[in-house]
Amino acid sequence: MKKILPNVLEAVGNTPLIRLNHVTAGIDATICAKVEACNPGHSVKDRIARAVVEDAERKGVLRPGGTLIEPTSGNMGVALAIVAAVKGYKCIFTIPDKMSIEKIRRLRAFGAEVVVTPTAVPPESPQSYYSVARRLAEEIPGAFMPMQYNNPANLDAHYASTGPEIWEQTDGKITHFVAGMGTGGTISGTAKYLKEKNARCKVVGVDPEGSILAKVFKKEQWSWSDSHPYMVEGIGEDFVPQNLRMEYVDSVVTVSDRDSFIMARRLTREEGLFCGGTSGSAVEGALRYAREQALGKDALVVVVLPDAGEIYLSKIYSDEWMRQNQFLGKSARIGTILANKRRKLPDLVSVEITETVRAAIARMNQHGVSQLPVFERGKLVGSLSESTLFQKTMETPDVMELTAGALLEPPLPAVGPDEEVDEVVKLLKSSPAVLIFDQGNYLGIITRFDVVEHLGGQQS
């Protein structure tokens with residue numbers, strides 16, 4: 001390892017992979033964060049800025065004294081500004097007006113010129129930040145527009161660096177890769193490398209509500225009018241970037257602004273990872289996917305945290321801003337409902353997989369519960385529901401002597417006690433109950449009725 005680097009560009013990459021330990025409560029899979037805030041410009045964009053500039057230099061389209069022009073949500077601008085500072089280029093960036101003031105000030109700190117454009121206009125509008133950037137590139141002599149959305153050097157940079165780093169850091173044991181979808185370079189380039197190494201590696205894209213990329217993945221009909229404004233910065237689009245290669249993507253999870261911002265704040269407070277909203281999106285998507293797919297202990301999930309939290313101090317790390325946008329103060333923690341349940345049970349009522357259906361029904365009747373988690377030597381393996389048992393016993397009374405394992409249903413989802421009630425409500429739409437899991441122990445069970453009782457008590 002070099003002790004003295006010749007310039008700041010040599011410090012790009014080789015970012016750490018850090019296991020998440022608290023926000024993953026109730027999930028058996030190992031989930032690790034690729035922390036791109038450790039790059040010099042504090043974002044994943046550092047990886048591609050140098051690549052696209054040096055590619056342009058090799059092709060002769062960018063010469064000494066030239067000007068870099070790019071439509072950017074901020075982080076790519078900073079990354080290009082760093083490259084420009086080292087190599088002696090000028091910079092002009094167009095940026096949508098939804099971006100944080102810290103991002104704009106940071107670009108200007110590097111000596112870049114920033115042109116702010118309206119957000120709520122279609123890409124083809126002369127006012128869009130894409131159109132303004134193109135016009136400037138045509139008007140200014142010696143200008144070069146990297147266009148990270150369509151420049152193949154973007155994808156190639158991740159194929160050459162991010163993918164190999166993750167493969168090496170996990171000793172080739174990665175089973176799932178999760179990343180937000182924006183320009184497409186991160187998810188496509190990394191996925192291409194990982195799938196070449198192991199075709200069974202699953203790739204999960206995360207798309208914000210309001211973007212059309214999830215529709216594209218599902219091959220649904222879409223138009224620009226299907227998109228709507230959202231506040232997460234840096235992912236999602238109202239068009240399809242050429243660098244987004246859906247053939248490498250196996251699933252897409254859609255995440256709301258609120259879920260993204262709450263998770264970013266949790267990552268900071270619970271994991272010590274000071275990150276931005278897109279990082280919150282990616283982790284929220286990864287956790288949701290892991291729960292929905294019931295990923296087990298053999299799964300190793302790597303999720304990209306694209307940037308740092310400093311530039312969001314006036315937004316997602318401002319309680320006032322979060323409340324003004326109705327992202328805070330909407331619900332309590334699920335552990336509060338468990339602690340305040342009016343009908344107390346001695347312990348988590350459950351059944352072993354080898355016990356009979358008759359014993360399971362008797363336990364349900366004894367404690368007045370309608371579902372039981374099923375364990376096998378202390379490990380959660382499934383569940384039994386009153387409705388299924390009733391149906392089966394009516395059809396064939398002989399099932400009473402079968403073991404619980406014979407009628408096993410999927411495990412109930414598990415969440416940590418600090419999970420917000422709003423998040424648990426989403427899980428309860430497809431599951432009759434959730435388990436509360438903390439520090440290796442199952443603390444109790446929350447049903448739909450428990451949540452309704454809690455909400456009713458709040459309103460009375």
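The values are calculated or read from the model by the stated rules, or taken from the named source; none is laboratory data. Computed from a predicted model, the values in this text were never measured in an experiment. Neighbour counts are summed over all protein chains in view; Cβ atoms, including those assigned to glycine, are modelled from backbone coordinates with ideal geometry.
Say we look at region 207-242 and pick out the residues that are hydroxyl-bearing (Ser, Thr, Tyr) and at pLDDT below 85; which of these is nearest to residue 96 (Cα to Cα)?
Here is the first cut: in region 207-242, the ones hydroxyl-bearing (Ser, Thr, Tyr) are 211, 223, 225, 227, 230.
After this cut, where a residue has to be at pLDDT below 85 as well, the list is 223, 225, 227.
Values: 223: 20, 225: 18, 227: 16 Å.
Taking the candidates together, the pick is 227.
Do we have residue 58 as touching a residue at least 40 places away in the same chain (Cβ under 8 Å), in a helix (DSSP H, G or I) and not β-branched (Val, Ile, Thr) here? Working first, answer last.
Working: touching a residue at least 40 places away in the same chain (Cβ under 8 Å): no; in a helix (DSSP H, G or I): yes; not β-branched (Val, Ile, Thr): yes.
So residue 58 does not fit the description; no.
Please work out which one of (1) over 25 Å from residue 123 (Cβ atoms); (2) of a type in the set (Gly, Ala, Ser); (3) modelled with pLDDT under 95 is the condition residue 74 fails and give its number.
Tallying (1) over 25 Å from residue 123 (Cβ atoms); (2) of a type in the set (Gly, Ala, Ser); (3) modelled with pLDDT under 95, residue 74 fails exactly one: (1).
I'm told residue 338 meets every condition in (1) surrounded by 16 or more Cβ atoms within 10 Å (Cβ to Cβ); (2) out of contact with any Gly (no Cβ under 7 Å at 6 or more places or on another chain); (3) assigned to a helix (DSSP H, G or I) except one. Can you identify the failing condition by its number?
Condition not satisfied by residue 338: (2).
Every residue, every condition in (1) in contact (Cβ under 8 Å) with a residue 24 or more places away in the chain; (2) at positive phi, yes or no:
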residue: 378; (1), (2): no, yes
residue: 383; (1), (2): yes, no
residue: 388; (1), (2): no, no
residue: 391; (1), (2): no, no
residue: 396; (1), (2): no, no
residue: 404; (1), (2): yes, no
residue: 408; (1), (2): yes, no
residue: 411; (1), (2): yes, no
residue: 414; (1), (2): yes, no
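Of 418, 422, 398, which residue is assigned by TED's automatic domain parsing to the domain that holds residue 355, surrounded by 12 or more Cβ atoms within 10 Å (Cβ to Cβ) and part of a helix (DSSP H, G or I)?
422
Name the pairs whose Cβ atoms lie under 8 Å apart, with the first residue in region 114-134 and more than 19 Å from residue 104 (Cβ to Cβ) and in contact (Cβ under 8 Å) with a residue 60 or more places away in the chain, the second in a loop (DSSP other than H, G, I, E, B) and among the charged types (D, E, K, R), and 6 or more positions between them or separate chains?
122/238; 123/238
Taking region 243-295, which residues are in contact with a Pro (Cβ under 8 Å, 6 or more places away or on another chain), under 21 Å from residue 103 (Cβ atoms) and of a type in the set (Ser, Thr, Tyr)?
Scanning region 243-295 gives 260, 278, 279, 281.
If you take the residues in region 186-201 that are assigned to a loop (DSSP other than H, G, I, E, B) and within 21 Å of residue 19 (Cβ to Cβ), which one is farthest from the chain's Cα centre (by Cα)? If you could, list the steps in order and put the result at the bottom.
Taking region 186-201 as the starting set, the residues that turn out to be assigned to a loop (DSSP other than H, G, I, E, B) are 198-201.
Next cut, within 21 Å of residue 19 (Cβ to Cβ) only: 198, 201.
Values: 198: 22, 201: 17 Å.
Only one residue tops the list, namely 198.
Residues 401, 409, 395, 423: which one is of a type in the set (Asp, Glu), at pLDDT below 85 and out of contact with any Asp or Glu (no Cβ under 8 Å at 6 or more places or on another chain)? Outline the logic, then answer.
Numbers: 401 fails: at pLDDT below 85; 409 fails: at pLDDT below 85; 423 fails: out of contact with any Asp or Glu (no Cβ under 8 Å at 6 or more places or on another chain).
That would be 395, the only listed residue that is of a type in the set (Asp, Glu), at pLDDT below 85 and out of contact with any Asp or Glu (no Cβ under 8 Å at 6 or more places or on another chain).
Take the residues in region 358-381 that are surrounded by 18 or more Cβ atoms within 10 Å (Cβ to Cβ) and touching an Asp or Glu at 6+ places or on another chain (Cβ under 7 Å), then tell me which one is farthest from residue 406 (Cα to Cα). I'd like the intermediate steps shown before the answer.
From region 358-381, those surrounded by 18 or more Cβ atoms within 10 Å (Cβ to Cβ) are 360-361, 364, 371-375, 380; that's our starting set.
Those left that are additionally touching an Asp or Glu at 6+ places or on another chain (Cβ under 7 Å): 364, 371, 375.
Values: 364: 17, 371: 16, 375: 13 Å.
For region 358-381, the residue satisfying everything is 364.
Closer than 16 Å to residue 43 by Cα and touching a Leu at 6+ places or on another chain (Cβ under 6 Å): is that true of residue 184 in this structure? First the steps, then the outcome.
Values: closer than 16 Å to residue 43 by Cα: yes; touching a Leu at 6+ places or on another chain (Cβ under 6 Å): yes.
Yes.
What helices (runs of 4 or more DSSP H) completely inside region 75-185 contain at least 1 residues that are of a type in the set (A, V, I, L, M), crowded, with 22+ Cβ neighbours inside 10 Å and within 21 Å of the chain's Cα centre (by Cα)? Talk me through it step by step, then tell me what you get.
Working: elements: 75-87, 101-109, 129-139, 152-160, 162-169.
By residue number, 75-87, 152-160, 162-169.
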